[in-house]
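Structure first, commentary second.
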Amino acid sequence: MRILRHLCLLLSIGLSLATGANAQGTKPETYSPSPEEKNTWEKLTTQGIDKIVFVKRFTYNSNHYYTEFLNSRWMPGGNLCILSLKTGEVTELVPSLSGGVFGAFDVSFDAKRIVFAYKASYKTGYSLYEVNVDGTGLRQVTFPPADEEAITKRYAIADYHHGTEDLDPCYLADGGIAFVSTRCHFGILCDGPDIFPTTTLYRVDADGKNMRKLTNSSVSENTPVALPDGRILYTRWEYVDKGAVAVKCLWAVNPDGTNSVEIYGNDVAFPTTMIMGRPIPGSRTEYVFTGTPHYPQNCVGTVVRIDTTKDIRTRDPMTYMTPYVDIRDESGFHFRQVGEKRGGWRHRRGGEGPLFRETFPLSRTEFLVSHKPEGPTWDNSTAYQLYLLQEDGAVSPIYSAQTISSFRPIPLVARPRPPVIIGSCNEELAAKKLAECIVTDVYKGMEEIAHGSVKYLRVLEQVPRPWGARRTYSGDEYDQQHAVVSKDTHLGLKIQHGIVTVESDGSARFLVPAERNIFLQALDANYRALQTERTYVNYMPGETRSCIGCHESTSQAPGPTRHTVPLAMKRNAEIPYAQPGDKEAVRTLSYARDVQPVWDKHCISCHKDPDAPGKLVLTGEPTSLFNKSYENLVPERRRGYFNRNLLGLIIGENHPKPGNIKYLPAKSVGSHSSILVAMLTKDITFKENQKNKRTAALIKAHETVKLSPEELLKVTNWVDTNAQYYGSYYGKRNLRYKDEADFRTEYDAAAAVSPEAPTKQ
């Protein structure tokens, strides 16, 4: 069937060329501009812009910013078009593809070709195509895999009716094409039904060959564009111990996937989504993006310019080009009257105010946009048309299709080809799927910690949820987790890769697994976390990366050190090794296996029934999804807040979803904030006198409780990694399945992260 469809496509292209159609494939329509539109045309042509490429399509009406390709109503129609500002001609470039939906596109550096995403039917996904700007040379660049039908059948849940979506293409300096795709086969973590697929960054050569995945995010990435320096700018959504919807911010990466780096917004809560970013012409430090809510919407919102010479972890870099629109919540839009400077905000989830999408900067003060004026709702199918936006928020019309919306205006103008970035690769490490990480001084950014306090780094990984973990049965969902991992803490599975040594000068040099989402913890001599890296780095095979310290930004440079060469650089890179009490360096984090045996041995003689001291039951008796001790220790955030305040700050990624974003100083979370750990160790003091008094009373009441160092480490390790319960996405959880073979199965690390359900160990 797939081959037949492609033959029909090629035949239709051939017929369009053979039947005498003009060079652009169809007779252009002539658009008569209004006087105001004509004035805008004249202004643009004086800047050398004679033609604008855009897409006609009906407005998407998806229920989340990242599900446009998935659950927008099927509304075929429109085309990839070119508007001539000299003649008013509007040409449909690919009439042979009429009857589908056109997505995002990019214009080649020489302005001779256009690559675009196209969806042929409701039952197929988007694929990438390329066409010459005169309408000739149409070809398909990416195709679904040969087993697309089997993938669709194997993983289908609810209305998820296909397996492969290729979206948001952009040209690269080396001739390749970057795009995002569902080919990673990951599911969005905060999605109980597990019907929302993740899109991650890919690339192919110009001929569609040598496809390669560049990133490994657990949740979606979007809208890549080529930067003038040759890197790829894109939107990365991630949450590692922080709010699940608030950090969709701007990152950049080399075209080979190396050197991923934050551009802006990793500690900024609003706008919750920073998407469709582009560089400002002539500037190396300024960008523009569309700020949008998380839901329900169509990637529409407000236009924001940023200056990254200012602190990129604050709102200071942001200047609103549309100051009458803002995103101040995870859902819907806020509007105020044009010209109003203070207050006056109204939350209108329907988006009846002015909205914007797909900003293309002509300069730092002028932008081509797709714009909906005040009046219609955000999902009105014909309300978005082409405008010129000024820095003060004023808009001038360019074109209106009337019966269909118009999106993504890009000038048909040649631009300089960026330099080709030639990355370095350690072939020996690449063959082993490893990368090298160098930390020059862990105390940079952690000045409140005395030099010499950090002895180790713990290497952790956030694991994406593979489609192979999808359940066809019910009962294992909790708090939007399709396969529950924790109770009211983090949504994504964590596994541990061991620890490495930090030298006396704060340096470390070690190996990490490549193509994984790796983050680190700085540990003291007792293996307790002083600080946690609440984001991840996706290392590529053979890559070597270095960082200055902890919580550095891209604007920081190394300061003077006591050593010309960091001590760790005087030795070979270290392979992470096992903590005391661990058999292997790489292991899953399982409460039932690691922590419950400690309570069984030392605690349940007193804490075994509701009349226990403090009414704290620490038995391992199974509950619906966890066990009694876990549910009694971990805060309950969903049905009326409940917290015994024994674990310190345990971060809930869903509570609140746009919260827990800001940088936290050392010792703010984990063992050094935990009364439970302080009671067991007897060597932690807090800044708060009330916590110290409570700890002292508990220590006195537990004088006879003596944990071994290995047992104590199992507890502190659990607290420091944000209180995970299950060590895998696999195995049945709900107590109703207690008699089945795979009920709450423990897996080793390799099995726990496999793309398909492993056999029981």
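Structure data summary
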{"read-out": "Test for K700: is it over 27 Å from K494 (Cβ atoms), assigned to a helix (DSSP H, G or I) and more than 36 Å from the chain's Cα centre (by Cα)", "value": "yes"}
{"read-out": "Boolean, A158 is at pLDDT below 95 and aliphatic (A, V, I, L, M)", "value": "yes"}
{"read-out": "So A430, is it touching a residue at least 24 places away in the same chain (Cβ under 8 Å), of a type in the set (G, A, S) and either in contact with a strand residue (DSSP E or B) (Cβ under 9 Å, 6 or more places away or on another chain) or over 20 Å from S546 (Cβ atoms) (or both)", "value": "no"}
{"read-out": "Criterion: at pLDDT 95 or above and loosely packed, with under 15 Cβ neighbours inside 10 Å - qualifying residue of T309, T322", "value": "T309"}
{"read-out": "Condition check for A430: touching a helix residue (DSSP H, G or I) at 6+ places or on another chain (Cβ under 7 Å) and within 27 Å of G175 (Cα to Cα)", "value": "no"}
{"read-out": "Residues of segment 170-206 classified as touching a Gly at 6+ places or on another chain (Cβ under 9 Å), under 22 Å from Y129 (Cβ atoms) and not polar (S, T, N, Q), total", "value": "11"}
{"read-out": "Pick from segment 273-297, criterion part of a loop (DSSP other than H, G, I, E, B) and surrounded by fewer than 24 Cβ atoms within 10 Å (Cβ to Cβ), ranking: modelled with the lowest pLDDT", "value": "P296"}
{"read-out": "Selection status of L189, within 25 Å of E653 (Cβ to Cβ), part of a strand (DSSP E or B) and not assigned by TED's automatic domain parsing to the domain that holds E477", "value": "no"}
{"read-out": "One residue from V413, V484 being at pLDDT 95 or above, buried (at least 19 other Cβ atoms within 10 Å of the Cβ) and among the hydrophobic types (A, V, I, L, M, F, W, C)", "value": "V484"}
{"read-out": "Long-range neighbours under 9 Å by Cβ, at least six apart or interchain, first residue assigned by TED's automatic domain parsing to the domain that holds G301 and assigned to a loop (DSSP other than H, G, I, E, B) within segment 358-376, second polar (S, T, N, Q) and surrounded by fewer than 17 Cβ atoms within 10 Å (Cβ to Cβ)", "value": "L362/Q47; S363/Q47; R364/S283; T365/Q390; P376/T382"}
{"read-out": "Subset tally (residues that are assigned to a loop (DSSP other than H, G, I, E, B), of a type outside the set (F, W, Y) and out of contact with any His (no Cβ under 6 Å at 6 or more places or on another chain)) for segment 707-755", "value": "22"}
{"read-out": "Residues of segment 62-76 classified as assigned to a loop (DSSP other than H, G, I, E, B) and either touching a strand residue (DSSP E or B) at 6+ places or on another chain (Cβ under 9 Å) or not assigned by TED's automatic domain parsing to the domain that holds D134 (or both), total", "value": "10"}
{"read-out": "Residues satisfying the stated conditions in segment 577-633, i.e. within 21 Å of V485 (Cα to Cα) and among the basic types (K, R)", "value": "R587, R593, K628"}
{"read-out": "Candidates V240, V225, filtered to the one that is surrounded by fewer than 23 Cβ atoms within 10 Å (Cβ to Cβ), in contact with a Phe, Trp or Tyr (Cβ under 7 Å, 6 or more places away or on another chain), under 24 Å from F289 (Cβ atoms) and not acidic (D, E)", "value": "V240"}
{"read-out": "Selection status of Y729, among the aromatic types (F, W, Y) and over 21 Å from C603 (Cβ atoms)", "value": "yes"}
{"read-out": "G344 vs. criteria closer than 23 Å to S72 by Cβ and either in a strand (DSSP E or B) or not aromatic (F, W, Y) (or both)", "value": "no"}
{"read-out": "Scope segment 478-525; condition basic (K, R) and assigned to a strand (DSSP E or B); matching residues", "value": "K494, R509"}
{"read-out": "Pair list, Cβ < 9 Å and 6+ apart or interchain, from segment 120-131 residues that are touching a residue at least 40 places away in the same chain (Cβ under 8 Å) and surrounded by fewer than 21 Cβ atoms within 10 Å (Cβ to Cβ) to residues that are part of a strand (DSSP E or B) and small (G, A, S)", "value": "A120/S127"}
{"read-out": "Identity of the residue in segment 298-312, in a loop (DSSP other than H, G, I, E, B) and either outside the structural domain of R348 (by TED's automatic domain parsing) or hydroxyl-bearing (S, T, Y) (or both), that ends up farthest from the chain's Cα centre (by Cα)", "value": "T309"}
{"read-out": "Search result, residues across segment 377-388 that are part of a strand (DSSP E or B), more than 22 Å from S283 (Cβ to Cβ) and either outside the structural domain of Y287 (by TED's automatic domain parsing) or aliphatic (A, V, I, L, M) (or both)", "value": "L386"}
{"read-out": "Segment 32-51: number of residues that are within 17 Å of Q390 (Cβ to Cβ) and surrounded by 20 or more Cβ atoms within 10 Å (Cβ to Cβ)", "value": "4"}
{"read-out": "Residue tally, condition not in a loop (DSSP other than H, G, I, E, B) and not hydroxyl-bearing (S, T, Y), over segment 260-272", "value": "3"}
{"read-out": "Segment 77-105: number of residues that are assigned to a loop (DSSP other than H, G, I, E, B) and touching a residue at least 40 places away in the same chain (Cβ under 8 Å)", "value": "8"}
{"read-out": "Set G581, G640, G648, G614: member being of a type outside the set (V, I, T), touching a Gly at 6+ places or on another chain (Cβ under 7 Å) and on the phi > 0 side of the Ramachandran plot", "value": "G648"}
{"read-out": "Given (1) at pLDDT below 95; (2) crowded, with 21+ Cβ neighbours inside 10 Å; (3) not in a loop (DSSP other than H, G, I, E, B), index of the condition K153 fails", "value": "(2)"}
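Listed here are the residues, each with its yes/no results for (1) modelled with pLDDT of 95 or more; (2) among the acidic types (D, E); (3) more than 18 Å from P464 (Cβ to Cβ).
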{"residue": "D488", "(1), (2), (3)": "no, yes, yes"}
{"residue": "I495", "(1), (2), (3)": "yes, no, no"}
{"residue": "V502", "(1), (2), (3)": "yes, no, yes"}
{"residue": "S507", "(1), (2), (3)": "yes, no, yes"}
{"residue": "P513", "(1), (2), (3)": "yes, no, no"}
{"residue": "I518", "(1), (2), (3)": "yes, no, no"}
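The values are calculated or read from the model by the stated rules, or taken from the named source; none is laboratory data. Because the structure is predicted, anything quoted here is derived from the model rather than measured. Counting neighbours? That spans all protein chains shown, and the Cβs are built from the backbone with ideal geometry, glycine included.
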